[in-house]
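Notes follow once the structure below has been shown.
The values are calculated or read from the model by the stated rules, or taken from the named source; none is laboratory data. Every value quoted in this text rests on a predicted model; they were computed, and no experiment measured them. Every residue, glycine among them, receives a Cβ derived from its backbone with ideal geometry; neighbour counts consider all protein chains shown. Remember, those area values only see protein heavy atoms, side chains included, never the ligands or the DNA or RNA. Shrake-Rupley method; radii C 1.70, N 1.55, O 1.52, S 1.80 Å.
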Amino acid sequence: MTGVAGVMAVVLAEAVTGATALLWLTPLWSEVKRGFFKLVGSILTVLAIATWLSVDAGVAGRFANAGLLRGTTIAAAIATAGWTLLLFLRGPAAARVVGLVGVPLWAATLVFMSGAARQSFPIALFQLAAGAALLGATTDGLLLGHWYLTDRRLTRRPIDRTTTILLASVALAAAAVISAGFGGVASSSAINPLLTAGALAPWIALGMIAATALIAILVRAVLRGERASAVQSATGFYYLAVVTAFTAEVAVKTRFLSEIGGPAVP
């Protein structure tokens with residue numbers, strides 16, 4: 001995959017994969033009302049379509065699994081849109097089945113993307129999985145915080161669990177950045193020339209991950225308060241976490257792909 005489209009395809013796929021996995025593989029289905037799943041599904045559908053468009057624009061001819069990646073991304077995007085639509089059509093049982101099917105489809109998308117990395121497949125897959133955990137936790141945490149304004153009776157368990165996952169994911173994300181190395185590599189300067197100046201990208205990514213870790217600690221501390229305003233404060237911190245986490249992933253993923261530039265597969 002190549003250029004800006006390739007980088008954004010990777011980052012968007014991480015976000016949708018992580019958010020989808022945390023949505024369906026945690027006990028949220030039995031904890032929150034179906035409206036929350038409609039909210040998340042609507043947002044993830046937009047991101048899924050953007051991922052598919054980025055993949056279609058950024059797949060390089062030298063990438064052997066280009067066709068598989070395209071097909072899996074389309075299938076995963078259809079699954080995301082499908083379970084969201086089923087919820088609006090009041091088919092929760094079917095929506096849950098399709099949602100669970102979507103998890104391995106998005107995971108397969110990351111597997112195929114690992115084949116386009118400049119590093120070995122196991123390291124690349126670890127980097128994508130760590131990024132998915134980070135972006136998924138921040139995205140779901142932000143949306144959960146807003147949902148507490150709708151459902152006043154919702155316990156703190158869901159957002160506490162998501163914050164715990166966020167705390168763990170920042171450690172994984174830091175390890176993933178370190179595994180990518182700190183030397184200069186061929187990367188695209190189209191997103192921001194600063195990221196390629198003196199191999200600054202990994203250091204910027206580490207700084208943003210450290211900021212995300214600090215925010216996660218503050219969220220944990222705030223949630224110890226008994227008042228409802230504690231969740232509102234935590235939501236405000238999650239806004240910052242989304243910014244820092246996405247900035248970290250965009251920065252480090254400018255160095256992820258094996259080829260920058262080059263023709264796209266028709």
Hand me the trypsin sites (Lys or Arg not before Pro) from region 72-170 located in a DSSP loop with no more than 14 other Cβ atoms within 10 Å, in residue order please.
-> Arg90, Arg152, Arg153
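Quick check on region 64-149: take the gyration tensor over C-alpha atoms, sort the square-rooted eigenvalues as a ≥ b ≥ c, and tell me if it's rounded (a/c under 1.5), prolate or oblate. Could you put the intermediate results ahead of the total?
Details: a/c = 3.31, a/b = 1.46, b/c = 2.27.
Verdict is oblate for region 64-149.
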With every protein chain present, what is the per residue accessible area of the chain (1.4 Å probe, Å²)?
-> 41 Å²
Which of these, Ala107, Ala75, Ala241, has the largest mean-square fluctuation under a Gaussian network model of the chain (Cα springs below 10 Å)?
-> Ala75
Which value, in debye to the nearest 20, describes the size of the charge dipole of the chain about its Cα centre when Lys and Arg Cβ atoms bear +1, Asp and Glu Cβ atoms bear -1, and nothing else is charged?
-> 620 debye
Taking K and R as +1 and D and E as -1, what net charge do the other residues with C-beta under 13 Å from the C-beta of Ala132 add up to?
-> -2
Hey, in the GNM for the chain with a 10 angstrom Cα cutoff, which one of Val46, Val252, Val111 fluctuates hardest?
-> Val46
For mean projected area of the Cα convex hull in nm², which listed value, (1) 14.6; (2) 13.0; (3) 20.4, comes from the coordinates shown?
-> (2)
